[in-house]
Amino acid sequence: MASIPYVHILHSIQCDDGGDFEELVEYGEIYYHLLLRYNQNEPNFIKNVALQKLYDAMNQEDEDAIDDANDECTDIT
């Protein structure tokens, strides 16, 4: 019986200037480049809320808040 591949997060990229959140993920032998992009037309989308938390935390240089927001973005991807 084949085993289910494990999702391994290889690298997360976030910009402190309000850019997108990117993540490189390995799933089995396949690599995915995931992107969360802020949607200007729907500011209350859950991904926008998470991205805004990340931008705010980075502007305040709050490492704990950055980690929490990064985790929230990762959960969405």
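Work out, step by step, the length gained on full extension between GLU26 and ASP56: first 0.36 nm times the residue separation, then minus their alpha carbon distance; give nm to one decimal.
7.9 nm
I'd like to know which of ASN70, LEU54, ASN41 lies farthest towards the positive end of the charge dipole of the range 17-77, counting +1 on Cβ of Lys and Arg and -1 on Cβ of Asp and Glu.
So the residue we want is ASN41.
Run the dipole for the range 7-76 about the Cα centre, Lys and Arg Cβ at +1, Asp and Glu Cβ at -1, nothing else charged, and hand back the magnitude in debye, nearest 20.
So the magnitude is around 400 debye.
Any read-out appearing in this document is the output of simple, stated calculations on the displayed coordinates, not a laboratory observation. Computed from a prediction, not measured in an experiment: that's the story for all the values here. Glycine gets a Cβ as well: all are built from the backbone with ideal geometry, and neighbour counts include every protein chain shown.
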